[in-house]
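Presented below is the structure to which this report refers.
The values are calculated or read from the model by the stated rules, or taken from the named source; none is laboratory data. If you're wondering where the values come from, they're calculated on a predicted model, not measured in any experiment. Note: ideal-geometry Cβ built from the backbone for every residue, glycine included; neighbour counts use all protein chains shown. SASA here: full protein model, heavy atoms, side chains in, ligands and nucleic acids out. Shrake-Rupley method; radii C 1.70, N 1.55, O 1.52, S 1.80 Å.
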Amino acid sequence: MADEHETNDRKGVTRRQFMTRVGVGAVAATVVGGPPAGRAEAAQVMRPGEMAKITLWINTRRHRLLVAPRWSLLYVIRERLGLTATKVGCERGECGACTVLVDDRPIYACMLLAVEAENKKITTLEGLMQGEQIGPVQDAFIQHDAFQCGYCTCGQIMAAEGLLRKNPRPADEAIPLAVSGNLCRCGAYPQIFKAVRAAADKRGDQ
Amino acid sequence: MLPDFAYTRPTSIKEAVKALSAANARVHAGGTDLLGCLRDEIFSVDILVSLGRLDSLRGIRQTADGGLRIGALTTIADVAENLLIQKHYTALAQAAGEVASPQLRNQGTIGGNLCQKPRCWYYRGEFHCLRKGGDMCYAADGQSQFHCLFGSGDICYIVHPSDTAPALIALGAKVRIAGKRRQKTVPVEKFFVLPEDDVQTETILAAEEIVTEIILPPPPANLKSRYRKVRARRSWDFALSGAALALQFDDSDVVRRARVVLSGVAPIPWRAPAVETVLTGQALTPAVIARAANAAVENAEPLAQNEYKVPLLRGMLKEELGAFG
Ligand SMILES: Cc1cc2nc3c(=O)[nH]c(=O)nc-3n(C[C@H](O)[C@H](O)[C@H](O)COP(=O)(O)OP(=O)(O)OC[C@H]3O[C@@H](n4cnc5c(N)ncnc54)[C@H](O)[C@@H]3O)c2cc1C
Ligand code: SF4
Ligand code: FES
Ligand code: FES
């Protein structure tokens, strides 16, 4: 899995993404950066099942792709763009496995329509990679064994990343609160709290 | 995958109202309640009218008279974190901070929080109950541990799910509503509908109406307000019982005015005038607090499995009133 995303980072498109993009007739991502400010799209009605071309800014990369109104951002990220770090859990806003950042704030990708994310800044776990290297929060989770099965982990890391982007020096009490929307059925919370603390302290030192 | 629907994102309130006049159209704000309802087929929708481009509905502004206007699209997180709200309308900041989970607070809006659908598990399950247009209530003789103590009219036993609504009512807030004719302003207290008035709806909104903003009056001097919520888990869960208390004190710590609104115990946020009467003109002594807490549960009508809510509500109010000061 890691290879795939690294490939993605360097060359732009993985084989899997290429296939899914061809499948929906979307245009390959070419532009890198962020969404333009105050950009307005035309008010129009998308009919049921009709596809419309929208722009999603994911991990500073611009994707132009066709979406149906009923597609969630979670579906688009995983199934259309092949970014599979974001996990599918309950699809009801009750577990946190699908957590991504929208405009730097953690949200549940299962509860957001892809069309609603148009021209917002979306960050997934793949976006925390620094080239071939994992980012500081990911590293802290590994250093502190902050998982067992690992299913919740990507969501936990995104919730933690959201906390640190908003509050680089969080108080200890802020950490459990920040991951309180992310269920860990393996009960790795003590290690998760330590990992987030360590990542915050490391960031503070830099 | 969600069932199919059409989607539009108008650029003005007027256009949005017009789009909502189509058959089986619905407002989409944050989507956190709506998408769950659609996924579970609680209701269907032909067209979603997204408010996403109505930037004028976002944000918190002070009014000329010293009150506050909160745009309906303001996120719950922004309400919880706003310094003016924390300082002058503490109960509202606390209530917003108790909603759902951090992610849902970042996504969900204050307008959506008032308009959300109830969480009765029959309603959210595959039961065609009264509220969905069927001919019976399954909770009356069924699993009723999360149902109401007051206001059912022996018809429907939901509890209103919103945490922010009781706080808004305790603080005397109003909602502004846009519709076919000119905008109207209604006290939040008059926004909700009891089962006896209409069992199939929760609010007074017509299909094409939109909540545009919430207006808080200037905070009176010596107002103290708090929101307390008891729930099984510290995150996600709805209130088993809760209370928004807004008390105005005089200089000798006597309660001059009291507004008490309960959550988790009735189909609408439940104003408790009996408690307010006990508190008014009194200092918060242990005896007064005990009488007030008893008054809250006087007319409770528990079902087979929610009797625990009676001592829970009483005990919570005692604790909460004791913590004032
Ligand atoms: C797992 C989970 C736990 C939750 N826990 C809590 C909790 O503890 N406390 C609590 O208070 N809430 C809770 N909620 C509900 C959550 O607060 C609401 O989902 C959120 O506030 C709704 O806002 P929204 O913008 O997402 O609304 P949407 O989902 O967009 O809309 C909800 C409903 O309101 C209508 N609507 C929305 N905005 C307007 C408007 N401006 N004018 C007219 N109609 C409108 C929509 O048509 C829809 O029917 C929970 C939800 C989930 C999924
Ligand atoms: S309590 Fe209301 S919503 Fe629940 S089953 Fe009865 S009628 Fe339906
Ligand atoms: S999959 Fe989105 S919260 Fe569970
Ligand atoms: S590590 Fe298994 S669910 Fe969290």
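Apart from one condition, B:Ala139 fits all of (1) in a loop (DSSP other than H, G, I, E, B); (2) within 12 Å of ligand 1 (Cβ to nearest atom); the exception is (2).
Do we find that A:Tyr108 is crowded, with 24+ Cβ neighbours inside 10 Å and either closer than 29 Å to A:Arg64 by Cα or more than 14 Å from chain B (Cβ to nearest Cβ) (or both) in this structure? I'd like the intermediate steps shown before the answer.
Numbers: crowded, with 24+ Cβ neighbours inside 10 Å: yes; either closer than 29 Å to A:Arg64 by Cα or more than 14 Å from chain B (Cβ to nearest Cβ) (or both): yes.
Yes; evaluated as a whole, the condition is true for this residue.
Out of curiosity, is B:Ala232 more than 16 Å from ligand 2 (Cβ to nearest atom), under 19 Å from B:Phe146 (Cα atoms) and hydrophobic (A, V, I, L, M, F, W, C)? The answer is yes for B:Ala232.
Residues that are within 23 Å of the chain's Cα centre (by Cα) and open to solvent by less than 50 Å² (accessible area, probe 1.4 Å) were ranked within segment B:64-74; the one that is farthest from B:Pro161 (Cα to Cα) is B:Gly67. Among all residues of segment A:35-50, there is at least one that is more than 14 Å from chain B (Cβ to nearest Cβ), exposed (fewer than 12 other Cβ atoms within 10 Å of the Cβ) and modelled with pLDDT of 50 or more.
Within segment B:13-29, the set of residues being out of contact with any helix residue (DSSP H, G or I) (no Cβ under 9 Å at 6 or more places or on another chain) and either within 13 Å of chain A (Cβ to nearest Cβ) or under 25 Å from B:Gly133 (Cα atoms) (or both) comprises B:Lys14, B:Glu15, B:Ala16, B:Lys18, B:Ala19, B:Leu20, B:Ser21, B:Ala22, B:Ala23, B:Asn24. Checked against (1) more than 14 Å from ligand 4 (Cβ to nearest atom); (2) modelled with pLDDT of 95 or more; (3) over 25 Å from B:Glu98 (Cβ atoms), A:Gln191 passes all but a single condition, namely (1). A:Ala85 passes every criterion in (1) more than 10 Å from chain B (Cβ to nearest Cβ); (2) surrounded by fewer than 21 Cβ atoms within 10 Å (Cβ to Cβ) apart from (2).
So which residues in segment A:143-184 are surrounded by 14 or more Cβ atoms within 10 Å (Cβ to Cβ), within 14 Å of chain B (Cβ to nearest Cβ) and assigned to a loop (DSSP other than H, G, I, E, B)? Listed by number, the residues that qualify are A:Cys152, A:Pro170, A:Val179, A:Ser180, A:Gly181, A:Asn182, A:Leu183, A:Cys184.
Taking the residues in segment B:132-149 that are surrounded by 24 or more Cβ atoms within 10 Å (Cβ to Cβ) and more than 7 Å from ligand 2 (Cβ to nearest atom) as candidates, determine which candidate is farthest from the other protein chains (Cβ to nearest Cβ). Full working, then the answer.
As a first pass, look at segment B:132-149 and keep what is surrounded by 24 or more Cβ atoms within 10 Å (Cβ to Cβ): B:137, B:139, B:147-149.
Right, trim to more than 7 Å from ligand 2 (Cβ to nearest atom) and you get B:148-149.
Values: B:Cys148: 23, B:Leu149: 26 Å.
Once the filter is applied, the top-ranked residue is B:Leu149.
Please indicate, with yes or no, whether at least one residue in segment A:117-127 is within 14 Å of chain B (Cβ to nearest Cβ), crowded, with 24+ Cβ neighbours inside 10 Å and within 16 Å of ligand 1 (Cβ to nearest atom). Looking for residues that are within 14 Å of chain B (Cβ to nearest Cβ), crowded, with 24+ Cβ neighbours inside 10 Å and within 16 Å of ligand 1 (Cβ to nearest atom), one finds at least one in segment A:117-127, hence yes. For segment A:128-137, the count of residues that are in contact with a strand residue (DSSP E or B) (Cβ under 9 Å, 6 or more places away or on another chain) and open to solvent by less than 40 Å² (accessible area, probe 1.4 Å) is zero.
Among residues belonging to segment A:185-206 that are assigned to a helix (DSSP H, G or I) and among the aliphatic types (A, V, I, L, M), point out the one that is nearest to ligand 1 (Cβ to nearest atom). Break it down stepwise before answering.
Kept after step one, since they are assigned to a helix (DSSP H, G or I), are these residues of segment A:185-206: A:189-205.
Add one more test, that the residue is among the aliphatic types (A, V, I, L, M), and what stays is A:192, A:195-196, A:198-200.
On the way: A:Ile192: 20, A:Ala195: 25, A:Val196: 23, A:Ala198: 30, A:Ala199: 27, A:Ala200: 27 Å.
Across segment A:185-206, the extreme among qualifying residues is A:Ile192.
Is it the case that segment A:164-171 has a residue that's under 27 Å from A:Leu56 (Cβ atoms) and within 12 Å of ligand 4 (Cβ to nearest atom)? No; the residues of segment A:164-171 include none that is under 27 Å from A:Leu56 (Cβ atoms) and within 12 Å of ligand 4 (Cβ to nearest atom). Residue check: B:Leu104 meets all listed conditions (1) away from ligand 3 (no atom under 16 Å from the Cβ); (2) closer than 27 Å to B:Glu320 by Cβ; (3) not polar (S, T, N, Q) but one, namely (1).
Scan segment B:272-288 and give yes if some residue there is under 23 Å from B:Leu321 (Cα atoms), in contact with a His (Cβ under 8 Å, 6 or more places away or on another chain) and aliphatic (A, V, I, L, M), otherwise no.
So the first thing to find is which residues in segment B:272-288 are under 23 Å from B:Leu321 (Cα atoms), and the list is B:272-288.
Now narrow it down to the ones that are in contact with a His (Cβ under 8 Å, 6 or more places away or on another chain): none.
No, segment B:272-288 contains no residue that is under 23 Å from B:Leu321 (Cα atoms), in contact with a His (Cβ under 8 Å, 6 or more places away or on another chain) and aliphatic (A, V, I, L, M).
Selection of segment B:19-48 for residues being open to solvent by 20 Å² or more (accessible area, probe 1.4 Å), part of a loop (DSSP other than H, G, I, E, B) and within 6 Å of ligand 1 (Cβ to nearest atom) yields B:Ala29, B:Thr32, B:Asp33. Annotation for segment B:173-181: no member residue is part of a loop (DSSP other than H, G, I, E, B), buried (at least 23 other Cβ atoms within 10 Å of the Cβ) and in the same structural domain as B:Gly264 (by TED's automatic domain parsing). When restricted to residues that are small (Gly, Ala, Ser) and more than 10 Å from chain A (Cβ to nearest Cβ), segment B:30-64 contains 4. For segment A:55-74, a tally of residues being surrounded by fewer than 22 Cβ atoms within 10 Å (Cβ to Cβ) and within 11 Å of chain B (Cβ to nearest Cβ) returns 1.
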